[in-house]
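First the structure, in the form of structure tokens, and then the observations on it.
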Amino acid sequence: MKREQWGSRVGFIMAAVGSAIGLGNIWRFPYMAYENGGGAFFIPYLFAMLSAGIPFMIMEFSLGHKMRGAAPRVFAKLGRRLEWLGWFQVLVAFVIAVYYVAVIGWSISYLGFSFSQSWGSDPNAFFFTEYLQLGDNSPSNLGNIQSHILVPVIIAWLITFSAVFSGVKGGIERASKIMMPLLFIMVIGLILRMAFLPGAIEGLNYLFKPDFSKIMDASVWSAAYGQIFFTLSVGFAIMLAYSSYLPKDSDISNNAFMTVMINCGFSILAGIMIFSILGYMADQQGVAITEVVKAGVGLAFVTIPTAINLLPAPYILGPLFFLALTVAGLSSMISIIEAVTSAVIDKTGYSRKKAATIVCGVALAVSTAFTTNGGLLLLDVVDYFMNNVGILGSCLLELLVVGWMLKGLPELKEYANRRSELMIGDWFVWCLRFISPAILLVILGTNFVGLLQNGYGGYSQFDLMTFGWGLVTILVVLSVIIRKLPTAPMQAEEK
Ligand code: PHE
Ligand code: NA
């Protein structure tokens with residue numbers, strides 16, 4: 001059997017963009033920009049995009065294209081003992097999948113609620129008490145599975161499963177080519193309405209007004225770099241798998257460049273959308289905008305519903321917002337599950353249908369933990385560790401392996417240049433050998449010290465040990481064990 005391939009260049013870019021654009025662009029980026037100097041944040045952000053995002057994307061596209069395999073095979077080909085790093089990335093992706101799907105499930109529920117604003121006049125109480133039924137739960141005391149959460153989560157699984165099951169071209173590419181244009185149209189439509197509401201301009205003013213005093217602050221730079229790795233889905237097996245399906249003569253650097261630019265462009269659109277709504281909301285409630293700005297779960301499921309209550313035609317704008325959130329989440333979800341599935345196919349030689357069924361079946365079972373009363377809390381701890389230790393750690397290891405141990409960057413640069421419209425220079429090697437690892441080291445170091453000194457989010461040491469450090473340790477051990485399992489012989493044409 002020949003390795004599957006994307007049907008077209010546009011199809012590949014849509015799929016890569018579908019992975020990159022996710023919940024993070026909508027609920028993380030706007031807040032980060034606002035928190036870290038508003039308009040002035042764009043300087044570190046652009047710097048991080050150019051010095052880390054674009055070169056990292058070119059590196060992963062080249063590696064996937066050259067090695068024609070998912071992360072474990074890529075690393076195994078770089079060095080037999082390195083396969084575990086590929087599995088570590090795959091396992092991080094797996095863990096992210098099982099809680100990411102829960103948020104998509106909530107988003108599907110809220111899509112339903114938004115037609116009649118059934119969250120009522122107190123969206124805060126509605127979300128935490130009525131919807132999640134969060135009581136005195138904790139990550140180690142989850143309570144029961146909530147069927148009204150489980151059902152939308154299963155819907156999210158079915159959509160993800162059918163895309164991955166149907167193959168690279170017939171499933172993932174086809175879904176992305178519908179989802180991405182739809183997403184852009186919805187967000188632009190929302191902006192066209194929101195930006196003309198009273199107060200919206202003040203909201204935008206808050207987002208873009210530069211506070212240059214923040215530029216000298218190291219934490220602002222580390223926020224910008226952390227966001228770039230996360231937002232581009234690099235360093236955790238996804239882009240390696242996607243680029244392994246590129247036809248032999250594909251362009252690399254220009255594709256990488258476009259993927260990064262479209263993702264970051266979308267983030268700015270999302271920022272405009274979110275801050276227009278927040279500005280309007282502050283105006284209607286007669287409070288300062290600083291009172292209503294939030295990030296993450298609280299933004300999407302409490303603040304936005306509150307704002308929707310105040311909107312003209314809430315039954316149109318509300319569903320539009322939650323459909324956009326759902327679509328952004330699903331296209332990322334598909335990419336994470338593909339990263340895992342394609343690694344399983346490479347290792348076992350199973351058919352795609354069999355591998356996808358096993359992966360989604362196991363992941364669905366695990367994800368029910370996040371549909372319990374305490375699901376949100378478990379999600380919060382696991383998400384924090386995956387982002388701040390798992391992804392950043394695996395990005396750093398990948399750079400150290402490719403850039404220092406194997407000194408493979410000049411070769412990858414040539415490899416990309418031989419087949420790309422866009423020529424890259426030695427800056428590529430410099431950024432990935434020195435700038436990015438140095439900054440990652442600082443961020444990881446700061447995160448470690450912070451976690452050890454202050455814990456996180458007020459969770460008990462036991463919970464942090466078990467679902468944070470313990471989980472990361474288990475993933476490392478598991479990846480070493482999986483590496484030792486026998487690998488199915490590669491199919492003739494695949495070699
Ligand atoms: N790039 C995604 C985002 O910005 C992050 C992500 C992708 C997370 C895929 C998980 C899986 O939201
Ligand atoms: Na993103």
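Read the figures in this text as sums done on the coordinates, not as results from a lab. Owing to the predicted nature of the structure, the values given are computational and were not obtained by experimental measurement. We place every Cβ from the backbone using ideal geometry, glycine too, and count neighbours over all the protein chains shown.
Around the amide H of residue 293, modelled in the peptide plane, lies no amide H under 5 Å away from a residue 5 or more places distant or on another chain. Since only 186, 341, 156 are under comparison, the one whose Cα sits farthest along the positive direction of the charge dipole of region 9-487, derived from C-beta charges on Lys, Arg, Asp and Glu, is 341.
Working note: Karplus 6.51/-1.76/1.60 with θ = phi - 60° gives region 74-79 the couplings 4, 6, 4, 6, 6, x Hz, where Gly and Pro are set to x.
Dipole size of the chain about its Cα centre, with +1 on Lys/Arg Cβ and -1 on Asp/Glu Cβ: approximately 1820 debye, rounded to the nearest 20.
Rounded to the nearest 20, the size of the Cβ-charge dipole of region 1-111 about its Cα centre is 620 debye, with Lys and Arg at +1 and Asp and Glu at -1. With K and R counted +1 and D and E -1, the other residues having a Cβ less than 14 Å from that of residue 340 yield a net charge of +2. 3J(HN,Hα) along region 31-43: 5, 4, 4, 4, 5, 10, x, x, x, 6, 5, 5, 5 Hz, from the Karplus curve 6.51 cos²θ - 1.76 cosθ + 1.60 with θ = phi - 60°, whole Hz, x for Gly and Pro. Could you let me know the centre-to-centre spacing of region 356-419 and region 31-103, using Cα atoms, in angstrom? Answer, in whole Å: 7. Within a straight-line Cα-Cα reach of under 13 Å, residue 209 can be paired with the following aspartates and glutamates, leaving aside sequence neighbours fewer than 8 residues apart in one chain: 35. Per residue, the average separation of C-alpha pairs within less than 8 Å and at least 6 apart gives region 9-487 a relative contact order of 34 percent. Axis angle, to the nearest 10 degrees, between helix 174-194 and the longest C-alpha principal axis of the chain: 30 degrees. Please say if region 379-495 is rounded, prolate or oblate, where rounded means a/c under 1.5 for a ≥ b ≥ c the square roots of the C-alpha gyration tensor eigenvalues, and otherwise the choice is prolate for a/b larger than b/c and oblate otherwise? It is oblate, given that a/c is not under 1.5 and a/b is not larger than b/c.
Under 15 Å from a label point set 7 Å out along the Cα-to-Cβ vector of residue 46, the amide N atoms of region 222-261 belong to 261. With a threshold of 32 Å on the Cα-Cα distance, the over-threshold entries among 177/248; 66/294; 294/353; 66/354; 294/413 are 66/294; 294/353; 294/413. Of the residues 197, 244, 172, the one whose Cα sits farthest towards the positive end of the charge dipole of region 156-251 is 172 (charges of +1 on Lys and Arg Cβ, -1 on Asp and Glu Cβ, taken about the Cα centre). Taking amide H positions as modeled 1.01 Å from N, with prolines and chain starts lacking one, the residues under 5 Å from residue 372 and 5 or more places away or on another chain are 146. Protection proxy ranking of 414-423, 266-275, 106-115, by the mean of other Cβ atoms within 10 Å over each peptide's residues and highest first, is 266-275, 106-115, 414-423. For the chain, the equivalent ellipsoid built from the Cα gyration tensor has semi-axes of 34, 26, 23 Å, listed from largest to smallest. Only Lys, Arg, Asp and Glu carry charge here, each on its Cβ (+1 for the first two, -1 for the last two); on that basis region 36-179 has a dipole of about 1020 debye about its Cα centre. Can you compute the FRET efficiency between residue 405 and residue 358 using 1/(1 + (r/R0)^6), with r the Cβ-Cβ distance and R0 = 25 Å? Round to the nearest 0.05. With R0 = 25 Å, the Cβ-Cβ based efficiency is 0.15. Dipole of the chain computed with +1 at Lys/Arg Cβ and -1 at Asp/Glu Cβ about the Cα centre; of 143, 477, 113, farthest Cα towards the positive end is 477.
Each residue of region 206-220 is assigned a 3J(HN,Hα), and the resulting list reads 5, 5, 9, 4, x, 10, 5, 5, 6, 5, 7, 8, 4, 5, 5 Hz, derived from the Karplus form 6.51 cos²θ - 1.76 cosθ + 1.60 (θ = phi - 60°), x at Gly and Pro.
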